[in-house]
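Undergrad: After the structure tokens below, expect a handful of questions from me.
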Amino acid sequence: MGDEVVLLDFHLSMFGIRVRIALAEKGVKYEYKEEDIVNTKSALLLQMNPIHKKIPVLIHNGKPICESLIIVEYIDEVWKDKNPLLPTDSYQRAQARFWADFVDNEVHEVAKKIWTGKVGEHEKEKEKLIFNLKKLEEVLGDKPYFGGDTFGFLDIALIPFLKWFSTYEAVGNMKLDYPKLIEWGRRCLERESVSKFLSDEKEVYDFVLMYRKKIGVD
Ligand SMILES: N[C@@H](CCC(=O)N[C@@H](CSO)C(=O)NCC(=O)O)C(=O)O
């Protein structure tokens with residue numbers, strides 16, 4: 001019997017998009033299940049991720065794997081016959097994991113304070129986000145991809161955020177300066193595994209406006 005793969009996800013989730021890109025890069029077939037994370041989470045999600053109760057969750061032959069970066073590494077290890085995502089060199093792997101963690105804690109968490117917070121209240125976070133994106137541009141340097149000549153793990157970790165940057169700017173009333181990342185993003189979007197899943201900027205913006213109203217900041 002072949003692999004049974006199910007993905008519990010939310011179409012706009014930058015974390016879920018990471019997993020969808022990795023599965024597409026590996027050519028893995030799976031059943032996609034959209035979760036209504038804003039209102040009612042399914043019993044399956046609560047059963048498969050009882051600790052965080054969050055998406056994405058990959059269910060492989062009935063066994064759940066949680067946390068997007070862990071899921072991407074799992075996919076890379078299980079379906080290792082094509083498109084390796086992590087570098088083979090241990091030091092390069094460690095660097096890729098370090099900067100992917102940076103994306104989660106220094107880009108996403110900082111930006112989330114801006115788009116879920118009252119307008120004008122997060123000047124510190126705005127400065128930090130600008131600084132942190134500049135750091136990522138330095139890591140990219142003049143390479144086509146973060147891992148060098150091939151699209152890989154750290155590209156997958158960051159690319160889903162590309163279509164959230166304009167919302168960060170609009171809600172935060174700020175200007176992000178990241179020309180090299182824009183160029184890199186255009187390069188990544190040439191891959192069908194990316195262009196197929198990256199959210200639409202207006203859809204992201206409309207979702208954030210709805211979410212801000214729901215949590216009462218607008
Ligand atoms: N560290 C985790 C974050 C997942 C997450 O925040 N998922 C969100 C949707 S995307 O913003 C989620 O499931 N939120 C529901 C909730 O917070 O209850 C990962 O990398 O998978």
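Undergrad: Regarding ALA111, is this residue touching a residue at least 40 places away in the same chain (Cβ under 8 Å), assigned to a helix (DSSP H, G or I) and either within 12 Å of the ligand (Cβ to nearest atom) or among the acidic types (Asp, Glu) (or both)?
TA: Judged against the criteria, ALA111 is a match.
Undergrad: Could you list, in sequence order, the residues of region 162-190 that are open to solvent by 60 Å² or more (accessible area, probe 1.4 Å), touching an Asp or Glu at 6+ places or on another chain (Cβ under 7 Å) and under 18 Å from LYS112 (Cα atoms)?
TA: LYS175, the sole residue that qualifies.
Undergrad: Taking region 206-218, which residues are touching a helix residue (DSSP H, G or I) at 6+ places or on another chain (Cβ under 6 Å) and either open to solvent by less than 80 Å² (accessible area, probe 1.4 Å) or basic (Lys, Arg) (or both)? Even if it seems obvious, please write down each step before you answer.
TA: Residues of region 206-218 touching a helix residue (DSSP H, G or I) at 6+ places or on another chain (Cβ under 6 Å): 208, 218.
Once the filter is applied, which keeps residues that are touching a helix residue (DSSP H, G or I) at 6+ places or on another chain (Cβ under 6 Å) and either open to solvent by less than 80 Å² (accessible area, probe 1.4 Å) or basic (Lys, Arg) (or both), region 206-218 yields only VAL208.
Undergrad: In region 54-82, which residues are among the aliphatic types (A, V, I, L, M) and either more than 8 Å from the ligand (Cβ to nearest atom) or without any contact (Cβ under 8 Å) to a residue 40 or more places away in the chain (or both)?
TA: Initial filter on region 54-82 (among the aliphatic types (A, V, I, L, M)): 55, 57-59, 65, 69-72, 75, 78.
Result: VAL57, LEU58, ILE59, ILE65, ILE70, VAL72, ILE75, VAL78.
Undergrad: Run SER42 past the list (1) open to solvent by less than 70 Å² (accessible area, probe 1.4 Å); (2) closer than 27 Å to GLU192 by Cβ; (3) more than 10 Å from the ligand (Cβ to nearest atom) and report the number of the one that doesn't hold.
TA: All conditions pass for SER42, except number (2).
Undergrad: Yes or no: PHE98 in a helix (DSSP H, G or I), without any contact (Cβ under 8 Å) to a residue 24 or more places away in the chain and of a type in the set (A, V, I, L, M, F, W, C)?
TA: Values: in a helix (DSSP H, G or I): yes; without any contact (Cβ under 8 Å) to a residue 24 or more places away in the chain: yes; of a type in the set (A, V, I, L, M, F, W, C): yes.
Criteria met by PHE98.
The values are calculated or read from the model by the stated rules, or taken from the named source; none is laboratory data. Given the structure is predicted, the values throughout are model-derived calculations rather than measurements. Because the Cβ atoms are built from the backbone with ideal geometry, glycine has one as well, and the counts that use them run over all protein chains shown. These accessible areas exclude ligands, DNA and RNA; they are computed on the full protein's heavy atoms, side chains included. Shrake-Rupley method; radii C 1.70, N 1.55, O 1.52, S 1.80 Å.
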